[in-house]
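Reading through the structure tokens given below for one structure.
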Amino acid sequence: MKSLLLITFLCCFAWMLPAQAQNEDPRKNILITNNVGQTQVETNEKGELHVNVSPEDLLTFKNQRLVRYSDLGAKGDGKTDDIDAIAATHAIANQQGLLVKADDGAKYYIGGKVRTAVIQTDTDFGTAEFIIDDTEVEDRTEPVFLVSSTLRPFDLEGISSLERNQKKLEVPFPGPCLVTVTDANVRRYIRYGPNQNDGSPQTDIFIVDKDGNVDPNAPIIWDFDQITEITALPMDEIPLTIKGGRFTTIANQAESKYTYYSRGIAIRRSNVLLEGLEHHITGEGEHGAPYGGFLNFRDCSDVTVRNTLLTGHKTYQTIGSAGVPVSMGSYDISLSRSINVSFEHCSQTNDINDRTYWGIMGSNFCKNLILDHCTFSRFDAHMGVANATVRHSTLGHMGINAIGTGTFLVENSTLNGRTLINLRSDYGSTWEGEFIIRDCVFIPAGGRTASASLIGGSNSGQHDFGYTTYMPERIVIENLHIEDSNHPEDYQGPAIFGNFNPEMTDDSYEEKYPHVRTKEVILKNVTTESGKELRLSDNPYPFRNVKIRKE
């Protein structure tokens, strides 16, 4: 009877988990009993994990306030697949509110079977190693670890429309919540170029308090005349900490096409600190499928990654949607629908200027992203970021690539990209807001021969991206040094703007979808290694009305 009651409780508990958590798929179900006898982990005929914890062991775990992977049978020998024991350990910890601690010096091998360890309590990976073997994977979309909340999302009733910058939702909430809203009737981010597509449904994510007040630091960025879906996910107010661990991915050997692998740590909970992790990659060959982020963030807020070492992935080629060869983006950091995510004192194992490796980061639908004291190959925002900061950091060959809204602040940093900031042309080179750049060094193309330009991008004005495209209304550049000594013979000096539209040289050119230009550029103490003066652009006509103010 005792066991049956415990199983019933766990089934109810599982139903309370968010939809993306472990019980979505019955193969990941974990049944826990507390019978007299041996503590053991078995897989039944349904693929469920059956965990029996003896009363004596359970009492020990409670007294220690922690449980170790070896307590549930993990070998840690680098050969035995320990994922079932690891998942079982976290299941017990989640049920009892215990710390999980890896065994010092252990080496946990994780093969390709479908099993996800759900983390809902503080976890200390310590000095342990984790070998994630992706050479034979049953389901490439399933993470190895899922950082999950016990709080469940719910549909919001009574809201049929929203306005941009709306300050309040007139409905009560149980506490602070992440609200995600979609209008499937409107398409945004209609991509242009080799990876062209028909865009994505209009989507936004923002934070409300218990009274429905919208956090002004993460405002609503679209008008929603119709809402096809709106949900709220309560935000955990107690911090969850995950620290330590040296992870090594044995890279997949799959065909080089857009079949992304997601075998890492998925963060689906707010108020999380990840500290002191390392991720390495081995076994990359002549071909392979791309990765969707060893650290994969979605539907979360207030997450900090600190003192963490990551690795860029080798770049592989495939045929894009336009039928021409393209390089596939492959990421160790991937963020989607995430707010207030910071990376502090983080770096990567490979050379940030080695162009054989893809830029380490990609993001979509995010707000308030921060790199602070980081050394990465790039910062990237595909389908928009609202507010971003890069400070005390060094960025490599892919530099800053972004579109979005709000303020982009770059300070006390060294940039090695082709441009100081590149506004992604595949999404219209749009930024509705302002750029502030201060106390920085720009090394065009990482020191290779190049003609320097500060703000890069391209927009012909002939493609509908699903929104009006803008350039930053105001650009402030203060205390910038441009190391442009390695330049071609015909170099005329660094340009503020790249050649956004070579065909637009006079008023005879008509933009079907006008690109709204910058109104003002403020320059203070901008110096060049070449000694040449800063100029407007190779094609100054589109920027003829920009006010340049030197202080």
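Does residue 510 satisfy being modelled with pLDDT of 95 or more and assigned to a loop (DSSP other than H, G, I, E, B)? Judged against the criteria, residue 510 is a match. For the residues 203, 231, the requirement of being polar (S, T, N, Q) and farther than 16 Å from residue 270 by Cα singles out 203. Go over the candidates 491, 509, 513, 541 one by one and state the one that is among the aromatic types (Phe, Trp, Tyr) and touching a His at 6+ places or on another chain (Cβ under 7 Å). Criteria check complete, one pass: 513.
If the condition is being without any contact (Cβ under 8 Å) to a residue 60 or more places away in the chain and buried (at least 18 other Cβ atoms within 10 Å of the Cβ), then the range 89-102 contributes 89, 90, 93, 94, 98, 100, 101. Given the criteria within 17 Å of residue 545 (Cα to Cα), part of a loop (DSSP other than H, G, I, E, B) and in contact with a strand residue (DSSP E or B) (Cβ under 8 Å, 6 or more places away or on another chain), does residue 499 qualify? So residue 499 passes the test. Against the numbered list (1) in a loop (DSSP other than H, G, I, E, B); (2) among the charged types (D, E, K, R); (3) farther than 25 Å from residue 403 by Cα, residue 198 comes up short only at (3).
For the range 490-534, the set of residues classified as without any contact (Cβ under 8 Å) to a residue 40 or more places away in the chain and either under 16 Å from residue 420 (Cβ atoms) or within 36 Å of the chain's Cα centre (by Cα) (or both) consists of 502 only. Residue 294 fulfils the conditions (1) in a loop (DSSP other than H, G, I, E, B); (2) under 29 Å from residue 196 (Cβ atoms) except for a single criterion, (1). Taking the listed residues 114, 147, 118, 137, the one that is among the aliphatic types (A, V, I, L, M) and modelled with pLDDT under 95 is 114, with no other qualifying. For residue 319, the test of being out of contact with any helix residue (DSSP H, G or I) (no Cβ under 8 Å at 6 or more places or on another chain) and within 29 Å of residue 207 (Cα to Cα) is failed. Scanning the range 30-41 for residues that are out of contact with any helix residue (DSSP H, G or I) (no Cβ under 6 Å at 6 or more places or on another chain) and surrounded by 13 or more Cβ atoms within 10 Å (Cβ to Cβ) gives a single hit, 40. Exactly one residue out of 186, 208, 171 is within 17 Å of residue 301 (Cα to Cα) and either modelled with pLDDT of 95 or more or out of contact with any Lys or Arg (no Cβ under 8 Å at 6 or more places or on another chain) (or both): that is 208.
Taken as a whole, the structure leaves residue 487 outside the set of residues that are closer than 20 Å to residue 442 by Cβ, in contact (Cβ under 8 Å) with a residue 24 or more places away in the chain, touching a strand residue (DSSP E or B) at 6+ places or on another chain (Cβ under 7 Å) and surrounded by 14 or more Cβ atoms within 10 Å (Cβ to Cβ). Here is the figure for the range 338-357: residues that are over 13 Å from residue 310 (Cα atoms) and outside any strand (DSSP E or B) total 4.
Condition test on residue 369, is it under 12 Å from the mean Cα position of the chain (by Cα) and either assigned to a loop (DSSP other than H, G, I, E, B) or closer than 24 Å to residue 386 by Cβ (or both)? Considered against the rule, which asks whether it is under 12 Å from the mean Cα position of the chain (by Cα) and either assigned to a loop (DSSP other than H, G, I, E, B) or closer than 24 Å to residue 386 by Cβ (or both), residue 369 comes out as yes.
Any idea which residue in the range 292-325 is surrounded by the fewest Cβ atoms within 10 Å (Cβ to Cβ), counting only those that are among the hydroxyl-bearing types (Ser, Thr, Tyr) and more than 14 Å from the chain's Cα centre (by Cα)? Among those that are among the hydroxyl-bearing types (Ser, Thr, Tyr) and more than 14 Å from the chain's Cα centre (by Cα), it is 321. Only one entry in 244, 199 is touching a Gly at 6+ places or on another chain (Cβ under 6 Å), in contact (Cβ under 8 Å) with a residue 12 or more places away in the chain and in the same structural domain as residue 169 (by TED's automatic domain parsing), namely 199.
One residue stands out in the range 416-452 among those that are among the hydroxyl-bearing types (Ser, Thr, Tyr) and over 19 Å from residue 391 (Cα atoms): the one that is surrounded by the most Cβ atoms within 10 Å (Cβ to Cβ), namely 427.
The values are calculated or read from the model by the stated rules, or taken from the named source; none is laboratory data. This is a predicted model, so every value here is computed, not measured. Heads up, the Cβs are rebuilt from the backbone with ideal geometry, glycines too, and the neighbour counts pull from every protein chain shown.
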